[in-house]
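See structure below.
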Amino acid sequence: MLALVLLALVTWIGYLVWSDNIERLRNDALKVNLAGRQRMLVERVGTVTNALAYVTDPAERQRLRAQLIDTVGQLEHARRLLLNDFGELSAPLAELYFNPPNAANGWLDDYIESIQALLLLPDSAAIQLDPNFLFIQQNLVVMVDRLDRVATHYQRENEQDLLHSIHFDSLIRGITLLMLLATGFFIFRPMEKQIAKDRVVELRAANEALSASQQELQLRYDNAPDMLLSLDPSTQTITRCNATAATRLGYAKDELIGMSRADLYTPACRDRATEAFENFLANGRVDDVELQVACKDGTLIDVSLSATAFRDPAGNITYSDAVWRDITRRKEAEAKIDKRTRQLTTLYLLGEQMLLSKELGPLMHNTAFCVFDTLPVKRVVICELCADGKNLTIRAAIGIPQNMVGAQSFSIDQRSLAGRALVSDRPVHLSGKASPSWLDGMDYLRDTGATNGIASLIKGSEGPFGLIMAFNDASNVFNQDEVDYIQSLSNLLGVAADRIRSEQRLHMLQQDLSVGTRDSALGELETSLSHELNQPLAAIMNYGQICRRMLAAPDNMPAQVQGKPVDVAYLVDRILGETERASDIIKHMQEYVELGDAYETELDINELIIDAVDLLKMSTYAASVTIESTLDSQLPKIKADRIQIQQLLFNLLRRAMEGAAKSGRGQLKVSTRVNDKQMVEVIIDSSGTNCYDDFLEPQEYIPFSDKQEGIGVDMSVCRSILEAHGGEAWQSSSNRGVAIHIALLLEGKAYVRRGDGLCC
Amino acid sequence: MSGEGTVYVVDDDIAVLESITILLNTAGFKTRGYTSSDTFLEECRQLGNACLLLDIMMPEMDGLELQHRLKARSINLPIIFMTGHGKVKMAVEAMKAGAFDFLEKPFNDVVLIDCIRAALEKQAEALRSQVEIERNAEAISQLTKREHQVFELLVDGNSNKSIARKLGISVRTTEVHRANIMRKLNAKSLSHLVKTALAVK
């Protein structure tokens, strides 16, 4: 800064000096110029005055005079300029202009005055004699000479000044140069140095930052979650890789670099990898290609490959950056979901089967296949618990000889897999190591290499039903999901077993129903009949035996009745009386069957029909017949025998259903209404034909039918029931086939009971 | 002919009732007939040697019900059931409840009479043993306090020595007590004594 101030000061001084010098040079030039001009004007004055002296032409003279006046004016002006502008004149000049130098008027003034005086004269040629003219002519040379001297003086002075000025200028330049040098040296050089130093610092910082970011980049590259590899497309070898790739694949980085791309892929996906590579060469990138690579230790990793190409200016691929995303977990998860989906689908399909299946055997077999299909097991056994609760019968099996199915039963040991499972709510999982006797009772599994097994209880509503057992080798231990799955299967099977069993039972019950009701009705009848008949028979027999005794030993006769002796005639009377009584009982019996009893209860026919239809829906024909019912909700109740009417309706409906099923169309509609005769009418309209012939035209009543499978209560009995109730029946043709109409009285038939009935 | 036994017959069917009573009369039995369980129950206080011929199926109170009522009143009477219809279930029930036999109507007179004889014999035996037991009980109650103590220990199977030790008396005294007991209870041997004791208990 100080240097700068110094420099400025010097420059200023230099400028001042230099500008002063220039001023002087200019003044000198002006003075030379003035002096020269004055000399020229003086010479012109000499010429013009001379001409005036000789020229006679008045016009010419006038021009010359004007010229002279102008010249004098110019001369005057030059003198004034000189004196006014330059003030003091140097001594030599003063001497030239003023002689003596301190005279008030210089000789130039005198000269000018002379000219002016001459001009004041009238214009005539007679001026050569005028003193002023003479003065002018005489002093002309002096004046010129003097003015020459003045000019020369000025000229010289000017040259000196110029020289001086040049020296000074050189000096100034030198100084300036020096100053500049100094400035450069002392100011700019340090500044430059500082700047350079700063730049170095900056550069260094930038370098550090750069290297830090490079390190970070490398770190990020190395620790990226994905495997990163760069590939030379020409050799297809790895040129660079990150630490993740090396660690994940189990190689050292150095080993990995230089390896061929193809060597890393498993043979199974090598073709796909090559295809992806060709794709990459063509398009410059590939995205999310799912491949499998093998680690150094042989482990397989599922990867998703994405690669980007780097090109040189010519557009050739110089290298590729590939990303291998490890999707093993995802694949595993997908596989798990897949497995789960399969299990669920299986469960769903099996569940459907379980809902519909009519038999347990095939269902168990399918279940065994499902377990085998969806779980990593080698053997599946489904057993049913025998009635004794101690043995298991194999019902379905996979992975063991099929001749074991059904035939083989084995006893349960409390310590064995089966024994434990039977008393556990959760599936039991045992291995050979955990329990040496785990396969007890299942000797057929001993040599199959089963090392662990799972057993799940199939539980029915009536207690344990059986077991689902699955076995595999040590490499596959069952996980929680699989355990749950087996349990779901066994639960399903339990429900299905319950359903099928109860259906079968129901079916049997239903099959037996008609026979049963008939038998029980007849049984009832037989009991009372035999009791009632045996009473008189017993009495007859007793009386007969008394007679025999009396006849065998006539003397020994203590027999009396209420004090009166008894004789054979009395006894025979009694025998006859009792025989008549027995015969009466038989007559009453026939009447009973024909007439039925008094009907005190009010009966809802709709209710009976609904019950009967419900029962029929479980029959063999239910699947092939659609039952439709249109029941009149306003139907009045009737007075009739509930059991008999139930039998009547059930058997007719059953006939209609059988007929409908056999017809192949399977249509059945039952409706109720109150008809014109104010009777409750039931119309059973079905696609079956010829169902009711024996009902409408009954044959002989044969109570002990041989048809054990049950045509139900004989149609003639149905007919009797109808007639006993004062009902009517007729047939009509319908859209479906045939409709049978049953009309029943609201009040039933008038109460008719002959004699004392059967209860004596 | 067959001695003192009385046969009670209950049947709601008059003809059957009559014919049975006449038949049994001719066979020499004393009989009493009733047409309902109620009337029989009213009169059955002192029965002595008797048996009961009872119809199962009767209106109001049936045979089985009567059997239970008799049992409830501690009336021990051999009961022979009769039925017009031999239902197994009923027979089983009746036999379980202690019926003597079960006859199906109509029945042969020989079968009936044999059956009744057997029933009466059984009843007579039961009555005899009942009398004996009562007598023994009486005899036991007649024992002195010390004799009673000795009796209890004897029945429990103690030897004379141990009885003597337990009661703090000499063996000799025990033997005297024992002899007295045997005499008072009319027992011929120790086992007889024990049997008597058990019967009474």
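The values are calculated or read from the model by the stated rules, or taken from the named source; none is laboratory data. Model, not experiment: these values are computed from the prediction. Note: ideal-geometry Cβ built from the backbone for every residue, glycine included; neighbour counts use all protein chains shown.
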**Asked** For region B:38-63, how many residues are without any contact (Cβ under 8 Å) to a residue 40 or more places away in the chain, within 21 Å of the chain's Cα centre (by Cα) and either within 14 Å of chain A (Cβ to nearest Cβ) or not in a loop (DSSP other than H, G, I, E, B) (or both)?
**Response** 4
**Prompt:** Where in region A:242-284 are there helices (runs of 4 or more DSSP H), lying fully within it, with 3 or more residues that are loosely packed, with under 15 Cβ neighbours inside 10 Å?
**Reply:** A:270-283
**Item:** Out of A:Ala196, A:Ala205, A:Ala209, A:Ala182, sole residue that is outside the structural domain of A:Asp288 (by TED's automatic domain parsing), among the aliphatic types (A, V, I, L, M) and in contact (Cβ under 8 Å) with a residue 60 or more places away in the chain
**Value:** A:Ala182
**Item:** Residue check for A:Gln155: at pLDDT 80 or above and over 30 Å from A:Arg61 (Cα atoms)
**Value:** yes
**Request:** Go through region B:16-32 residue by residue and tally those that are of a type in the set (Gly, Ala, Ser) and either part of a loop (DSSP other than H, G, I, E, B) or surrounded by fewer than 21 Cβ atoms within 10 Å (Cβ to Cβ) (or both).
**Result:** 2
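Yes/no matrix, rows are residues, columns are (1) at the interface with another protein chain (Cβ under 10 Å from one of its Cβ atoms); (2) not charged (D, E, K, R):
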| site | (1), (2) |
| --- | --- |
| B:Thr83 | yes, yes |
| B:Ala94 | no, yes |
| B:Glu104 | yes, no |
| B:Asn108 | yes, yes |
| B:Leu112 | yes, yes |
| B:Cys115 | no, yes |
| B:Ala118 | no, yes |
| B:Glu125 | no, no |
**Residues located in region A:224-236, provided they are surrounded by fewer than 17 Cβ atoms within 10 Å (Cβ to Cβ), on the phi < 0 side of the Ramachandran plot and in contact with a helix residue (DSSP H, G or I) (Cβ under 8 Å, 6 or more places away or on another chain)** = A:Ala224, A:Pro225
**Request:** Please find, among B:Ala72, B:Ala99, the residue that is more than 14 Å from chain A (Cβ to nearest Cβ), of a type in the set (Gly, Ala, Ser) and free of Cβ contacts under 8 Å to residues at least 12 places away in the same chain.
**Result:** B:Ala72
**Asked** Under the condition of being touching a Cys at 6+ places or on another chain (Cβ under 9 Å) and touching a residue at least 40 places away in the same chain (Cβ under 8 Å), which residue from region A:381-403 is surrounded by the most Cβ atoms within 10 Å (Cβ to Cβ)?
**Response** A:Leu392
**Message:** Cβ-Cβ under 8 Å, sequence separation 6+ or interchain: first residue in region B:123-151 and surrounded by 16 or more Cβ atoms within 10 Å (Cβ to Cβ), partner among the aromatic types (Phe, Trp, Tyr). Which pairs?
**Reply:** B:Ile140/B:Phe151; B:Leu143/B:Phe151
**Request:** Check region A:591-607 and report whether any residue there is modelled with pLDDT under 85, surrounded by fewer than 17 Cβ atoms within 10 Å (Cβ to Cβ) and under 19 Å from A:Ile684 (Cα atoms).
**Result:** no
**Item:** Any strands (runs of 3 or more DSSP E) falling wholly within region A:309-402 and containing at least 2 residues that are outside the structural domain of A:Gly449 (by TED's automatic domain parsing)
**Value:** A:317-326
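Condition check ((1) without any contact (Cβ under 8 Å) to a residue 24 or more places away in the chain; (2) assigned by TED's automatic domain parsing to the domain that holds A:Gly406; (3) closer than 16 Å to A:Leu489 by Cα; (4) among the charged types (D, E, K, R)) across all residues:
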position	(1), (2), (3), (4)
A:Ser431	no, yes, no, no
A:Ala434	yes, yes, no, no
A:Asp440	no, yes, no, yes
A:Gly449	no, yes, no, no
A:Asn452	no, yes, no, no
A:Ala455	no, yes, yes, no
A:Lys459	no, yes, yes, yes
A:Gly463	yes, yes, no, no
A:Met469	no, yes, yes, no
**Request:** Would you mind stating whether B:Lys89 is at negative phi and within 13 Å of chain A (Cβ to nearest Cβ)?
**Result:** yes
**Request:** Within region B:78-95, identify whether any single residue is surrounded by 15 or more Cβ atoms within 10 Å (Cβ to Cβ), assigned by TED's automatic domain parsing to the domain that holds B:Gly48, assigned to a loop (DSSP other than H, G, I, E, B) and touching a Cys at 6+ places or on another chain (Cβ under 9 Å), and answer yes or no.
**Result:** yes
**Request:** Would you be able to tell me the number of residues in region A:460-485 that are assigned to a helix (DSSP H, G or I) and surrounded by fewer than 24 Cβ atoms within 10 Å (Cβ to Cβ)?
**Result:** 5
